[in-house]
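J.: Just dropping this structure here.
Rule-based calculations on the coordinates, nothing more; no lab input. Note that the coordinates shown come from a computational prediction; the quantities given were computed from them, not determined experimentally. In this analysis, Cβ positions are derived from the backbone assuming ideal geometry, glycine residues included, and neighbour counts consider all displayed protein chains.
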C-alpha cells in the first residue's frame, strides 16, 4: 500500500509536469552522512538537486507545523512524522530504516557492555545525552533509563537526574563546523560518556576519533525506527522518497550502519 502510493504519486506527476523542481528535504541529524550520499546518488541519476537541512527531528517537525515548506521529512522516529500525517499534512508514513542505541566513552573510562550501567551511574563520569522531546535520541535514551529501573530500582531516576542534555535541544550548544557532536563534547570536557545512536559512534570512529563504542546489555537494548513522509505534491519529492527505499538507497544506508529494509 505504501509503495503503491509512492509509485502512483511519481507516475501521475510525470504526466502532469515537464521539468521537475528540486527536492527539499528535512532530515534527522543522525542521517546527515547517509542521506547526503543518498541525495548525491539520486541527483547523479536524475539530474534533480536535493536541498537538505539536518537537525533534531522534533524541532524540524515544529518548523513544518509553523508553515515552513518541505517536500520530504525523514525522522529518527515514527511519532513526529505520524503527527504530521494525523494533521493532514501527509497521506501516510513509511518506515524506511532502523538504528540502535549504543554507549560510547573516552577510552580511559574503560567502558564495556557489561559495565554500562555501573559507569553511567558513577558520580565520577559525566553522562551526556540528547534532549528528549526535541530529539528522538533523547526519547530513546529515557526509555533505556526506564529499563535500568527494572535492573536496579532507583537507577532510572538517578540517570535522568544526572544526564547532561547536551545536544538536540533548542538551546543546545552549536557544534563547530567540521566536528561531530559526541567527540566534540568529549574533547571539550563536557562529557565522559554518551548514550547515542550506534551509527553516531561508527561515524566518529571513521573520522579517526579515539573512543570506545559498545552495545548495550540485552536488558537495556533499545532500537530506533525511522519514519518518512512526503509533504507536497511535487513528483520529485515522491520520487526521492522511493529512491531512499530502493536497493541503491538502502545499500547506502546500510553502508553507514543503518538497518536495510525490504531486502531478502
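J.: Roughly what % of Cα-Cα distances in region 47-151 sit above 18 Å, to the whole percent?
T.: That fraction is 59 percent.
J.: I would also like to ask the following. Taking Cα atoms, how many degrees apart are the long axis of helix 235-245 and the longest axis of the chain, rounded to 10 and kept between 0 and 90?
T.: The angle comes out at about 40 degrees.
J.: Now for a separate question. With the Cα gyration tensor of region 198-238 in hand, give its eigenvalues times 5 under a square root as the equivalent ellipsoid semi-axes, listed largest first in whole angstrom.
T.: 33, 18, 4
J.: Right, here's the next one. Convex hull over the alpha-carbon atoms of region 100-215: what's its volume per residue in Å³?
T.: For region 100-215, the hull spanned by Cα atoms encloses 96 Å³ per residue.
J.: What is region 32-77 by shape, rounded, prolate or oblate, if you read a ≥ b ≥ c off the alpha carbon gyration tensor as root eigenvalues and call it rounded for a/c under 1.5, prolate for a/b larger than b/c, and oblate otherwise?
T.: On the way: a/c = 3.32, a/b = 1.76, b/c = 1.88.
Oblate is the answer for region 32-77, as a/c is 1.5 or above yet b/c matches or exceeds a/b.
J.: Please order 159, 216 by the number of other Cβ within 10 Å, starting at the fewest.
T.: Sorted ascending by nearby Cβ count, the order is 216, 159.
J.: Now a separate question. With both partners inside region 100-215, how many of the DSSP beta bridges are antiparallel, as a percent to the nearest 5?
T.: 65
J.: Moving on to the next point. Find how many whole Å separate the alpha carbon centroid of region 150-219 from the alpha carbon centroid of region 43-74.
T.: 25
J.: Sorting 194, 258 on the 10 Å Cβ count, fewest up front, what's the list?
T.: Details: 194 33, 258 25.
With the fewest neighbours first, 194, 258 line up as 258, 194.
J.: Can you tell me what share of the DSSP beta bridges in the chain is antiparallel? A percent to the nearest 5 is fine.
T.: 60
J.: What percent do you get for the relative contact order of the chain when only Cα pairs under 8 Å and 6+ apart count?
T.: Relative CO of the chain lands at 32 percent.
J.: Rounded to two decimal places and with Rh computed the Kirkwood way over Cα pairs, what is Rg over Rh for the chain?
T.: Ratio of gyration radius to Kirkwood radius for the chain: 1.00.
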